[in-house]
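**Q** So that we are looking at the same thing, I have put the structure below in structure tokens.
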Amino acid sequence: MSAAVPPAAGAVPHGPNGAVSRAVGSVSGVDAGDGPVDLVTAQPVPRPVAFLPPAGHPPSENLLDRMDVYALSPDAAKLALPRMVPLVMVERVRAGRLPMPAWDGIIARASRLSGLEERLIAAVVRAESGFNVGAVSPKGARGPMQIMPATGQELGLEDPFDPQANVEAGSRYLRQQLDRFGSLELALAAYNAGPGNVERFGGVPPFAETRAFVNRVLSGLD
């Protein structure tokens with residue numbers, strides 16, 4: 001049997017029956033030999049090489065520094081999140097909780113924007129939701145600072161479960177109440193029960209829930 005003669009440069013490779021050979025990526029999707037072949041030069045085409053980390057560094061799938069998580073739709077986030085962050089972080093998010101270092105940054109930013117002390121904002125988040133990003137009350141208040149939908153709309157809050165946006169909106173609302181009533185106790189009562197009820201009763205409303213909330217926040221400042 002004579003040795004096979006490779007096709008001349010520029011020739012299109014043909015199969016034994018005269019048909020043009022197919023390469024990977026054709027409509028049939030059938031692999032040609034051990035790898036894809038250039039139909040013009042008949043030379044093997046190198047397979048794409050995945051990006052590899054520097055020697056000595058384990059591969060990582062944490063893409064948070066390249067992708068805006070909150071820009072994703074809810075469905076896309078569910079698919080992408082497991083490959084974007086470590087598994088332990090995924091479980092914390094699914095459980096509605098973030099590690100405290102993340103909360104430190106969120107609260108610090110909200111403090112700068114609202115002029116409220118960080119410890120006050122943290123005490124409100126702790127009292128309202130126990131730092132639960134996905135908290136929803138029986139009355140419909142949502143997120144870590146338990147903002148009602150109507151209040152959130154007034155504050156321009158689009159996603160109540162975005163912890164940064166929620167805490168900033170809640171801090172801004174608390175700041176409004178503090179400026180309005182001039183007292184932290186009354187501001188907290190207004191935050192929980194609404195400013196109308198504070199004005200109606202001329203002080204902290206006689207609601208057990210509101211009084212308990214005010215006491216929890218104030219005691220959390222000690």
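The numbers here are math on the coordinates, done by the rules we state, and not lab data. Predicted model, so just to flag it, every value in this text is computed and none were measured. So basically every Cβ, Gly included, is an ideal-geometry build from the backbone, and we count neighbours across all protein chains shown.
**Q** Counting Lys and Arg as +1 and Asp and Glu as -1, each charge on the Cβ, what is the dipole of the range 120-203 about the Cα centre in debye, to the nearest 20? Please report the intermediate quantities before stating the final value.
**A** Values: 7 positive and 9 negative charges, 44 e Å.
Once rounded to the nearest 20, the dipole reads 220 debye.
**Q** Hey, can you grab everything whose amide H is under 5 Å from the amide H of Ile147? Only 5+ residues off in sequence or another chain; H modelled, so Pro and N-termini drop out.
**A** When sequence neighbours closer than 5 places are left aside, the close amide H contacts are Arg142.
**Q** Pull out a ≥ b ≥ c, the square roots of the eigenvalues of the alpha-carbon gyration tensor of the range 110-161, then state rounded if a/c is under 1.5, prolate if not and a/b is larger than b/c, and oblate in the remaining case.
**A** Details: a/c = 2.32, a/b = 1.27, b/c = 1.83.
Here the range 110-161 falls in the oblate category.
**Q** Please rank Phe181, Phe213, fewest neighbouring Cβ atoms within 10 Å first, as an exposure proxy. Please report the intermediate quantities before stating the final value.
**A** Numbers: Phe181 18, Phe213 21.
The most exposed by this proxy come first: Phe181, Phe213.
**Q** Figure the gain on full extension for Glu158 and Ala212 (residue separation times 0.36 nm, minus the Cα-Cα span) and round it to one decimal in nm. Before the final figure, lay out the partial values.
**A** Values: separation 54, 0.36 × 54 = 19.44 nm, distance 2.89 nm.
Net length gain for the segment: 16.5 nm.
**Q** Order these by the 10 Å Cβ neighbour count, fewest first: Asp222, Asp159. Numbers along the way, then the final one.
**A** On the way: Asp222 6, Asp159 14.
Final ranking by Cβ density, sparse to dense: Asp222, Asp159.
**Q** Please find the FRET efficiency linking Asn197 to Arg119, where r is the Cβ-Cβ separation and R0 is fixed at 25 Å, and quote it to the nearest 0.05. Provide the component values of the computation, followed by the final result.
**A** On the way: r = 26 Å, r/R0 = 1.04.
Once rounded, the FRET efficiency stands at 0.45.
**Q** Then there's this: Between Ser219 and Arg180, what length in nm is gained on full extension when 0.36 nm per residue of separation is reduced by their alpha carbon distance? Could you put the intermediate results ahead of the total?
**A** Working: separation 39, 0.36 × 39 = 14.04 nm, distance 2.26 nm.
Gain on extension, Ser219 to Arg180, equals 11.8 nm.
**Q** Next up: Within the P(r) computed for the range 100-220, what percentage of the Cα pairs occupies the region above 18 Å?
**A** Working: 3327 of 7260 pairs.
Distances greater than 18 Å cover 46 percent of the Cα pairs.
**Q** Taking neighbour counts of Cβ atoms within 10 Å as a proxy for exposure, in what order, fewest first, do Ser111, Ser129, Ser183 appear? If you can, show how the numbers build up before the last one.
**A** Details: Ser111 19, Ser129 22, Ser183 15.
Lowest count first: Ser183, Ser111, Ser129.
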